[in-house]
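Note sheet for the following structure.
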Amino acid sequence: MTRITYIEHDGTRHEVNAEDGTSVMQTALDNMVPGIVGDCGGSCSCATCHAYIDPDHLARVSPPEADERHLLEGALDVEPCSRLTCQIRIHPGLEGLTVRIPVSQY
Ligand code: FES
């Protein structure tokens, strides 16, 4: 299990224990974190799982593939630390990862 913290646009925090091997998006859904929807089920085709990775933690997350980068170009409120959370697999190296959810996800 790996501890992940989600922070909603209003500052509400959700600290959850994530199962290694699943995605940051699926973990949010499993723990009923508002703002991460995951309409496409994680197939990198909807961008409803958009969130910001804490810049201090970004180096621990594998970089986005071309399809994720392309989809993010059409997302709202994109920042340099934006990621599609369905494309980030949980592993022990992500212990303490913090994810902020854009206001446009609500
Ligand atoms: S859940 Fe659709 S792109 Fe991530």
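What follows draws every value from the coordinates through simple rules; no lab data is involved. Model, not experiment: these values are computed from the prediction. Note: ideal-geometry Cβ built from the backbone for every residue, glycine included; neighbour counts use all protein chains shown.
Scanning segment 54-106 for residues that are at positive phi and free of Cβ contacts under 8 Å to residues at least 40 places away in the same chain gives a single hit, Asp77.
The strands (runs of 3 or more DSSP E) falling completely within segment 1-85 that include 2 or more residues that are of a type in the set (D, E, K, R) map to 13-18.
Of all residues in segment 72-81, those satisfying the criterion of being in contact with a strand residue (DSSP E or B) (Cβ under 6 Å, 6 or more places away or on another chain) and either of a type in the set (D, E, K, R) or within 13 Å of the ligand (Cβ to nearest atom) (or both) are Leu72, Ala75, Glu79.
Kindly indicate whether Thr48 is farther than 22 Å from Glu15 by Cβ and within 16 Å of the ligand (Cβ to nearest atom). Answer is yes for this residue.
Can you work out which of the residues in segment 51-66 that are of a type in the set (A, V, I, L, M, F, W, C) and more than 14 Å from Glu8 (Cα to Cα) is farthest from the chain's Cα centre (by Cα)? Among those residues, the one meeting the criterion is Ala66. Just checking, does segment 59-80 include any residue being surrounded by 16 or more Cβ atoms within 10 Å (Cβ to Cβ), under 16 Å from Ile7 (Cβ atoms) and among the acidic types (Asp, Glu)? No: segment 59-80 contains no residue that is surrounded by 16 or more Cβ atoms within 10 Å (Cβ to Cβ), under 16 Å from Ile7 (Cβ atoms) and among the acidic types (Asp, Glu).
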